[in-house]
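Chemist: Before I ask anything, let me first share the structure, which is written out below as structure tokens.
The values are calculated or read from the model by the stated rules, or taken from the named source; none is laboratory data. All values derive from a computational prediction rather than experimental measurement. A quick note on method: Cβ atoms are made from the backbone with ideal geometry, for glycine too, and the neighbour counts reach across all protein chains shown. Protein only, heavy atoms only, side chains kept; ligands, DNA and RNA dropped before computing areas. Shrake-Rupley method; radii C 1.70, N 1.55, O 1.52, S 1.80 Å.
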Amino acid sequence: MKSTLRLVVFAAVLSSWAYAQPQSDVHVLRVQGNVYMLVGAGGNIAVQVGSDGILMVDTGSAQMTDQVLAAVKQLAKPITNRPLRYIVNTHFHADHTGGNEKARATGRTITGGNVAGNISDATEGAAIYAHANVLKAMSAPTGTQAPTPTGAWPTDTYFKNTNELFFNGEALQMFHPKSAHTDGDSIVFFRRSDVVMTGDIFSTTTYPIIDLQNGGSLNGIVDALNLILDITIPAEKQEGGTMVIPGHGRLCDEADVVEYRDMVTIIRDRIQDMIKKGKTLEQVKAAKPTRDYDPLYGASTGIWTTDMFVEAAYKSLSAKK
Ligand SMILES: [Zn+2]
Ligand SMILES: [Zn+2]
């Protein structure tokens with residue numbers, strides 16, 4: 001009886017799975033402290049919730065925004081009835097900022113200093129923090145038509161190497177590595193919750209994407225991974241401690257970043273060595289400098305193939321400084 005019932009339930013789950021297309025589902029994972037991770041909406045999203053309201057780091061792809069906002073609302077419900085106050089963008093790519101406009105409109109900016117309450121004009125929306133080069137890329141990179149609507153643009157940008165925010169009793173630090181995945185990356189550190197959000201500098205699913213057109217560089221990615229490792233501190237036995245949310249893929253800790261940093265550094269050194277010996281791009285590709293890592297990070301199709309990575313790495317390392 002029991003097993004029959006189980007089988008029926010299983011079949012029902014299977015068929016609902018087939019029709020409901022769960023690949024469009026946004027999954028919520030409690031990380032630690034006040035921080036949650038949302039998976040399944042393009043780039044990973046971090047959400048910090050507390051008595052002051054909600055803060056999101058990145059907003060996912062535009063087509064997922066309704067589901068993202070519903071998930072955020074649900075997870076915040078038992079904790080606060082205050083709105084979304086802040087969005088922080090790790091960089092400008094659409095799989096991380098596609099929800100900006102809609103998400104911002106659900107929120108409200110806190111006025112600075114001693115002013116009590118909210119700005120009365122609700123259309124003001126939540127504040128969007130990012131490095132200045134994010135605004136540059138989203139507003140008008142070619143000097144003509146802006147690629148994104150103004151409502152999606154950062155409202156508070158910074159130019160230096162660091163920026164900070166204090167919200168829900170927690171200090172947030174933003175670290176800007178000069179030229180890593182793009183030229184406008186921010187690594188976001190929730191100091192009390194002890195969680196780092198890396199953006200696309202770190203991924204568990206692909207080789208690092210070097211966006212050369214937008215100021216990325218391979219050496220910059222290695223430096224940025226080392227910067228992340230400066231921030232993270234493992235708990236005993238090298239497990240746990242600071243938790244790391246990658247731009248794509250699963251929740252990690254410091255040991256995962258060490259492994260990734262080592263992989264990127266080794267491949268960088270191999271390609272650099274071949275360039276020094278005068279090898280052409282074709283010769284470098286033929287030598288398969290990534291071979292031993294391809295089972296983990298390689299791809300022959302999709303948005304970031306092994307071939308594209310080797311080519312971008314070669315160009316980045318050959319570029320005159
Ligand atoms: Zn991404
Ligand atoms: Zn990206």
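Chemist: When the residues of the range 158-176 are narrowed to those that are open to solvent by less than 50 Å² (accessible area, probe 1.4 Å) and over 24 Å from V39 (Cβ atoms), which ends up nearest to ligand 1 (Cβ to nearest atom)?
Modeler: H176
Chemist: I've got another one for you. Select from the range 30-44 the residues that are within 16 Å of ligand 2 (Cβ to nearest atom) and open to solvent by less than 20 Å² (accessible area, probe 1.4 Å) and list them in ascending order.
Modeler: Result: A41, G43, N44.
Chemist: What's the number of the only condition in (1) buried (at least 16 other Cβ atoms within 10 Å of the Cβ); (2) in contact (Cβ under 8 Å) with a residue 12 or more places away in the chain; (3) farther than 23 Å from F190 by Cα that A287 fails to meet?
Modeler: That leaves (1) as the condition not met.
Chemist: Can I ask one more? Output the number of residues of the range 291-321 satisfying the condition of being under 24 Å from the mean Cα position of the chain (by Cα) and not in a helix (DSSP H, G or I).
Modeler: 8
Chemist: Among strands (runs of 3 or more DSSP E) lying entirely in the range 162-245, which contain 2 or more residues that are within 16 Å of ligand 2 (Cβ to nearest atom)?
Modeler: 187-190
Chemist: May I ask you to list the residues in the range 60-86 that are away from ligand 1 (no atom under 16 Å from the Cβ) and either among the β-branched types (V, I, T) or in a helix (DSSP H, G or I) (or both)?
Modeler: Passing the criteria: D66, Q67, L69, A70, A71, V72, K73, Q74, L75, A76, I79, T80.
Chemist: Just to be sure before I move on: is T206 under 13 Å from the mean Cα position of the chain (by Cα) and either β-branched (V, I, T) or closer than 19 Å to S316 by Cβ (or both) in the structure I sent?
Modeler: Considered against the rule, which asks whether it is under 13 Å from the mean Cα position of the chain (by Cα) and either β-branched (V, I, T) or closer than 19 Å to S316 by Cβ (or both), T206 comes out as no.
Chemist: I'd like the full set of residues that are in contact with a Ser or Thr (Cβ under 6 Å, 6 or more places away or on another chain), within 14 Å of ligand 1 (Cβ to nearest atom) and either more than 16 Å from N89 (Cα to Cα) or modelled with pLDDT under 95 (or both), limited to the range 177-210.
Modeler: I210
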